Amino acid sequence: MTSGLWALDYGIKLNLGISTGAGQDWQELLDEVGNRDFADSLGTLGLGCFAEIPLSSVNFFSPELNYVINRGIHLSNGKDEYIKIAALNSLELILPVTRIFPLSSEDKIFRLSGGFQILYSRNLVETSRLNGIKQKSKMKNQSPLSLGFMLASGMEFKRQEKRNWLGDMRLMIPFSDRLSYDDKLGNRVTLKTVELLLSGGIRF
């Protein structure tokens, strides 16, 4: 870690995990299609950069900017029929504060983070296979800007003097709708999503 409060560290991160529905509207959709016993998550991937600005010797402001692929929902009936609705391309800004807890081992540090998330997803893509017919359509996201909260905990490993490896498990909890679109009948559908991610990165 840098010692002066004026210092700035930076690095890159890769986030890999799952995205699924959340909230009352998601539960109503599951009831409607009767798919509670089947897969209802999507794989999601993010790649970005971060900075660490010391607030004290153990607290850091740790903003991240990520390019995110495939945040959305997945419904399947287990018979090769499915519906996927996802924002294939999103920009994500995370504004967490991180606290570190040095361990007895000098090359390992426990990290705990929490902060706000802002996700911008302009367009949605719906893909489906129903009754043997595949379809794909693009839709405008009526809720392109969504807010959430990130909670994360993980470890830091000191491998070299100026290059540390970071890893954590993170949960993205929505405050607002992530997906909002008009269906074929003209009804507005609004959905929240929650993400569980494994994050790994290098701080230079």
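The values are calculated or read from the model by the stated rules, or taken from the named source; none is laboratory data. Please read all numbers here as calculations on a predicted model, not as lab measurements. Here Cβ is always computed from backbone atoms with ideal geometry, including for glycine, and neighbour counts include all displayed protein chains. Calculation scope for accessible area: heavy atoms of the full protein, side chains included, ligands and nucleic acids excluded. Shrake-Rupley method; radii C 1.70, N 1.55, O 1.52, S 1.80 Å.
Measuring from label point to label point, each 7 Å out along Cα→Cβ, what is the L91 to F110 span in nm?
Taking the simple label geometry, L91 and F110 are separated by 3.7 nm.
Which length gain, in nm to one decimal place, applies between K140 and R188 when the Cα-Cα distance is subtracted from 0.36 nm times their residue separation?
Net length gain for the segment: 16.1 nm.
Using the Cα atoms of the chain, I'd like the radius of gyration and the largest Cα-Cα distance, Dmax, both in angstrom.
Considering the chain through its Cα atoms, Rg and Dmax are 19.3, 63 Å.
Classify the stretch 32-143 as rounded, prolate or oblate, taking a ≥ b ≥ c as the square roots of the eigenvalues of its Cα gyration tensor: rounded when a/c is under 1.5, otherwise prolate if a/b is larger than b/c and oblate if not.
prolate
Would you calculate the separation in nanometres between label points at D80 and S57, each defined as 7 Å from the Cα along the Cα-to-beta-carbon direction?
6.4
Could you sort M169, M155 by accessible area so the largest value comes first, with the probe set to 1.4 Å?
Highest to lowest solvent-accessible surface, that is M169, M155.
Below 8 Å, C-alpha to C-alpha, sequence gap of six or more: please give me the relative contact order for the chain in percent.
Answer for the chain is 21 percent.
Roughly how many Å² is the accessible area per residue of the stretch 159-204, as a whole number, for a 1.4 Å probe?
57
Identify which of I133, I18, I53 has the largest mean-square fluctuation in a Gaussian network model of the chain, with springs joining Cα atoms closer than 10 Å.
Result: I133 has the largest fluctuation of those listed.
Ignoring everything but the protein chains, give the 1.4 Å probe accessible area of R122 in square angstrom, nearest 10.
Accessible area, nearest 10 Å²: 150 Å².
List, in the order given, every pair from K134/K192; K13/K134; K138/K192 whose Cα-Cα distance in the structure shown is over 30 Å.
The pairs that break the limit, which is 30 Å between Cα atoms, are K13/K134.
What does the helix-only formula give at 222 nm for the chain: each DSSP H stretch with n ≥ 4 adding -39500 (n - 2.57), the total divided by the residues, and the result rounded to the nearest 500 deg cm²/dmol?
So the calculated ellipticity at 222 nm is -1500 deg cm²/dmol.
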